[in-house]
Every structure is written in C-alpha cells, then in structure tokens.
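Notes to accompany the following structure.
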Amino acid sequence: MSNRPIMSRLRRANPVPRPRDGDAADLFARITALPADPRLEGPRRRRPLRRRRAVVLAFATLLLAALLASTAVAVSHWIGGDVVEAPVTRHEYLDAQKQLTLPPGVEWPDPLEIGLSSEPDNSVTSRGAGGSMAVLISMNAWECYWAEALRTGEGAAARRAQAKLNALLTNNVLEAPAGAHENWTPTPLPTVPFAVFAHDGGLDFVRGTYDQAAAGDPRGVAQSCRANAPR
Amino acid sequence: MTDTLDSHTDEERFRAVFSHLGAVAAYARRRGNRDADAVAAEVMTIAWRRLADVPLDDPRPWLYATARNLVLADARRSSFVTTTETGEPVGAIQAPEVLELDPVLGVALRSLSPLDREALLLVAWEDLTPTQAARSLGINPTAFRVRLLRARRRLRAKLAGAANDDRFDPNAHFEMEAS
C-alpha cells in the first residue's frame, strides 16, 4: 500500500470537511474595538522614538536574559535544570571569542566588566549564556563599525560590517518558536555561540535596521550602537 | 486623525488573518474541542493583540499553533475537573467526531503517538504543506517530513494489522500533546 491511498483515506475521513463561513462581522468588530498590537508600525507611526525604543528593548531584553537571569536558584526550575555556574559561563564567553570576530581596534570586554566572575558566586545561568553575551557584543561592535563606515563613506568597511552582521544573523542568532517559553533554548544546543531572540518581532526589527543600513541609512545601526554598548 | 488612519491599516491587515476564522474553528472541532467557535474567537483576539507576530502572508500555521495551545490548555483544565454524579467526566476532551470516522481508521489513528497523529492530520485535514505544518509545530521542515513519512508508515502498518487484531478499542479517545 503506497502513502497516497493512506493520505486519501485520511482526507476522506475528515470530520469537518469544510469550514463554516458564517457571518462573523460582529466578532470582527468586537475584536478590533480592543487595543491593537502596540508594536505595529503603520505608515504614519514610524517615529524615530519608537524605533529607538524597539532597538533598545530587543537588545536589553537579551542582555538582561543573559546577565540577570542568574541570581535566582529557582532558575533551575525554569529551564529544566540545565544551568551552569559563573565559571562555566565565563569559560563559554572566552571560548566564543575564538569563533567570533570584532572590528579592527575593538577589544572584548573583560569578563569581570560584564559580571562574569571566575569564582562560583551562588548564581546560576542557563547554558550558553556566555556565548550569547559574546554574540551580542560582536553584533553591537559591528553595528558601530558599520554606522561609522557609512558616516565617513568607507564603502569597503561598510560592506565588511554588513557581511559580518549577516553571518552572525545566519549562524549565531536564533528565534524562539512562537509561543515558546521566554527562556527557550534550542535542543540540541548549537555547537557555535548563539543568541536567542524571542518570537516577538524583535529579530525582524533588527533585520529591518540592517536593511536600512544596507540602503545607506545609518540611523538604525547608530542608535543600536549607542544604546546597546556593553560598557 | 493619525490614530484613525493607523487603526484602519491595522484592521485591513487583521481582516486577512480573520478570514481564516472558519478554518481555525474547524481545526478545534476536528481536535475534539466542544467549544470550537469560542476557541477560534480567542485565537483571533490573540492574533489581533499580537498582530506584529502573525505572518500576514501565511497566517494559518501561526493560527493553528495558537489554537492547539488553547485546545491543550482547555484539555488540561478539563482533566482536573471532577466527575459528575453519574460518574462521567465533566468536560473531558472528546474524540474528534469519532463516530463519523471509519472505525478502523479511527482506531489506527488513535494508536499513533499524538505528535505523529498531529503531523498527519495537519496535512490531511488542515491541508497544510509540510513546510507550513512544520512551522505550526515549531520544528524544521526536514524533521517534519521525516516524521510525516514515519507516521504514514506506522499508520499503514496499523491498518494492515487491524483486521486481525481484536485488541483495537474503537472507544479510545484522541489525546493531544504539546509539540
């Protein structure tokens, strides 16, 4: 028996073969009378302030998740026990530096500057958080480099920054599934450093910012550069 | 004035999503939810509140994923409800119109794991492509195709063995499982 008859038989067994097309105008009216999604950007809502807030929010959320989710021992219950102590996170951060790049003249922040002690300090962090910090730091550094390159008209530098950021988005950035828990981590864990964006449009916004920069407008990446500097 | 214009734009976007109301209600009904219309209405309310998250070019996987979560939440709530005086469970999740199913097929479907069953039904009943179904389940399309292939094989094997197997219980219920 091939697969086709199986699927045909299943299709024929559909208990509700056709959706009902009732008059739902009343429901539509009631729903749209509720406040709309505040993140939507209609044609006349595109204000710089909103953009800044969105960029800051997206990165701040990630940094907070990476840096501050650590203090409560209860964290272990959120993420199914896959937590590590500060020295491991520090090691992840340092290890990630071997796989990521920074623009010329930029140095990685000292682990202590970003709260990564080499000694156990009664805190725990989800596995991968050290790599996540490194990814975000690298992204921020390349954004600053891109913004400056666009400002000074250095085409080669701008293209290099664009390529680096696109590579980071492709290889080191993940988006959590819709409706996923806020501490969602991929399974199995990637073998490269990774940062997880919530499925809330934040990653799309970052991509939009990069598209804007690729078109020659540095405002988005410049705002992100200022707002998300690690120190 | 600006807010009014924005509101109209949002409504136009939402109208495309809302056009799937019947499909979402059908999904909930097929998964055995007694109040499928209420589930569909709640899905649409969530979609309106989170419209920025809904892929407007292809909202069905997102809508079905949200509906699945609501149906599961409803089932979980129901499982905590005590029984009535007659001993019948109150609000327990029902099989999706099992009486209308070919009994042999119904039993074979019930014997699959919930995720295998959902993979098959998203394609067969919800008419999603494997890529859309994968998106709805939050797994990658390649993994979904493998799962679908295995689910078809398992279903075929169950059907092949059904005629000689007296252990099949046609009264068994469908159960849903988080993906």
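The values are calculated or read from the model by the stated rules, or taken from the named source; none is laboratory data. None of these values were measured; they are calculated from a predicted model. No Cβ is skipped: glycine too gets one built from the backbone with ideal geometry, and neighbour counts run over all protein chains shown. Protein only, heavy atoms only, side chains kept; ligands, DNA and RNA dropped before computing areas. Shrake-Rupley method; radii C 1.70, N 1.55, O 1.52, S 1.80 Å.
Quick look at the numbers
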read-out	value
Ranked packing of B:30-43, A:104-117, most packed first, by mean Cβ within 10 Å	B:30-43, A:104-117
Spin-label pair A:ASN166/A:GLN99, simplified geometry with 7 Å Cα→Cβ offset, distance in nm	2.2
Added length on full extension, which subtracts the Cα-Cα distance from 0.36 nm per residue, A:ALA29 to A:ARG12	2.6 nm
Highest average packing first - A:163-175, B:112-124, Cβ atoms within 10 Å	B:112-124, A:163-175
Per-residue average of Cβ from other chains inside 10 Å of A:30-40	6
Extension gain from A:GLU85 to A:ASP110, taking 0.36 nm per residue of separation minus the Cα-Cα distance	7.2 nm
For B:29-37, mean number of other protein chain Cβ atoms within 10 Å	2
In Å², nearest 10: area of B:VAL104 left accessible to a 1.4 Å probe	70
Most to least packed among B:134-143, A:153-162 [average Cβ atoms within 10 Å]	B:134-143, A:153-162
Average other protein chain Cβ within 10 Å of Cβ, residues B:51-57	4
